[in-house]
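*Asks:* Pasting in a structure now, in structure tokens, and then I'll have a few things to ask.
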Amino acid sequence: MPLPEPVLTAEVEERRLDILVADITTLDVDAIVNAANTSLLGGGGVDGAIHRAACPDLLAECRTLHGCPTGEAKITKGYRLKAKHVVHTVGPVWSAAKAERNKELLASCYRTSLALAGKHRLASIAFPAISTGVYRFPADLAARIAVETVLSALPAKAPSLERVVFCCFNREAAVHHEDAFGELGLV
Ligand code: ADP
């Protein structure tokens with residue numbers, strides 16, 4: 001099934017970057033990324049929505065992974081999701097006192113997720129706005145880091161990827177990603 005109409009698309013070296021406003025659990029892509037916590041055993045927000053949509057087998061597979069450090073990522077199957085895989089990554093909890101470290105950890109979430117997509121030769125992946133919910137990362141800064149990191153890491157980490165989706169849950173998040181596309185000269 002085709003994805004919902006993007007609010008903005010950019011082509012970079014024959015790869016397509018899309019900004020969508022959608023529920024990530026509905027997307028028909030090779031992998032969706034989950035903004036998980038270090039236990040990988042489910043939580044609220046996008047994590048809860050993914051586990052509800054995927055069925056309890058996802059939780060059972062997550063139990064075998066023994067958690068995930070902040071800034072890293074692990075991959076599972078997608079079970080009842082349309083997505084074939086879920087890449088579980090753990091974003092930093094925002095604290096202004098540790099802004100530089102948090103920015104690096106957030107970029108690392110995108111890089112390690114892309115590296116897993118590359119390792120599994122996936123062609124499409126959708127990211128939620130990692131850390132911008134309960135973890136309170138400033139949404140404009142997070143969007144800029146997300147787009148910048150995907151742009152710089154894509155060719156080396158995941159040459160198989162033809163399409164990267166920034167899946168925003170609301171219009172406001174999409175505007176931050178649109179601004180980032182503009183600031184980085186993509187549109
Ligand atoms: P974190 O703990 O990393 O902050 P959250 O799940 O609380 O994770 O929020 C991350 C982002 O995911 C927020 O911008 C939130 O609006 C968004 N979000 C929540 N549910 C969904 C969903 N079903 N699809 C896409 N994005 C979602």
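The numbers here are math on the coordinates, done by the rules we state, and not lab data. This is a predicted model, so every value here is computed, not measured. Cβ placement follows ideal geometry from the backbone for every residue including glycine, while neighbour counts extend to all protein chains displayed.
*Asks:* Fully extended, how many nm does the chain gain between residue 104 and residue 123 (0.36 nm per residue separation, minus their Cα-Cα distance)?
*Replies:* 4.3 nm
*Asks:* Here's a follow-up. Roughly what % of DSSP beta bridges within the chain run antiparallel, to the nearest 5?
*Replies:* Details: 10 of 28 bridges.
Expressed as a percentage, antiparallel bridges in the chain total about 35.
*Asks:* Taking the simple approach of a point 7 Å from Cα along Cα-to-Cβ for both residue 183 and residue 66, what is their distance in nm?
*Replies:* It works out to 3.9 nm between the two label points.
*Asks:* Continuing with this model, one more query. For residue 171 and residue 156, calculate 0.36 nm times their separation in residues minus their Cα-Cα distance, and state this gained length in nm to one decimal.
*Replies:* 2.3 nm
*Asks:* More than 20 angstrom separation, counting every C-alpha pair in the stretch 125-187; what % is that?
*Replies:* Percentage above 20 Å: 23.
*Asks:* Work from the charge dipole of the chain (Cβ charges, +1 for Lys and Arg, -1 for Asp and Glu, about the Cα centre) and give the residue of 128, 146, 42 farthest towards its positive end.
*Replies:* Towards the positive end, the residue furthest out is 42.
*Asks:* Taking only the alpha-carbon positions of the stretch 9-114 and ignoring solvent, what does the Debye formula give for the base-10 log of I(q)/I(0) at q = 0.24 Å⁻¹?
*Replies:* -1.30
*Asks:* Follow-up. Charges on Cβ only, +1 for Lys and Arg, -1 for Asp and Glu, centred on the Cα centroid of the stretch 8-183; of 173, 67, 107, which one is farthest towards the dipole's positive end?
*Replies:* In the stretch 8-183, that residue is 67.
*Asks:* Sorted by packing (mean other beta-carbon atoms within 10 Å per residue), highest first, where do 106-112, 158-164 land?
*Replies:* Those peptides, ordered most packed to least, come out 106-112, 158-164.
*Asks:* Something else: Relative contact order for the stretch 86-187 using alpha-carbon pairs under 8 Å, separation at least 6, rounded to a whole percent? It would help to have the intermediate numbers written out before the result.
*Replies:* On the way: 132 pairs, mean separation 32.7, N = 102.
Relative contact order for the stretch 86-187 comes out at 32 percent.
*Asks:* Treat every Asp and Glu Cβ in the chain as -1 and every Lys and Arg Cβ as +1, leave all other atoms uncharged, and give the resulting dipole magnitude about the Cα centre to the nearest 20 debye.
*Replies:* 700 debye
*Asks:* Cα-based Rg of the chain per 2.2 N^0.38 Å, rounded to two decimals?
*Replies:* On the way: Rg = 14.9 Å, N = 187, 2.2 N^0.38 = 16.1 Å.
That works out to 0.92 for the chain.
*Asks:* In whole percent, what relative contact order does the chain give with Cα contacts below 8 Å and a gap of six or more residues?
*Replies:* Over the chain, the number comes to 27 percent.
*Asks:* Let me ask you something else. Can you give the alpha-carbon Rg of the stretch 72-116 over 2.2 N^0.38 Å, where N counts its residues?
*Replies:* Taking the Cα Rg and dividing by 2.2 N^0.38 Å, one obtains 1.38.
*Asks:* Can you compute the helix-only [θ] at 222 nm over the chain? Use -39500 (n - 2.57) per DSSP H run of at least 4 residues, normalise by all residues, nearest 500 deg cm²/dmol. List each step's numbers first, then the result.
*Replies:* Values: 5 runs with 71 residues, N = 187.
That calculation yields -12500 deg cm²/dmol at 222 nm.
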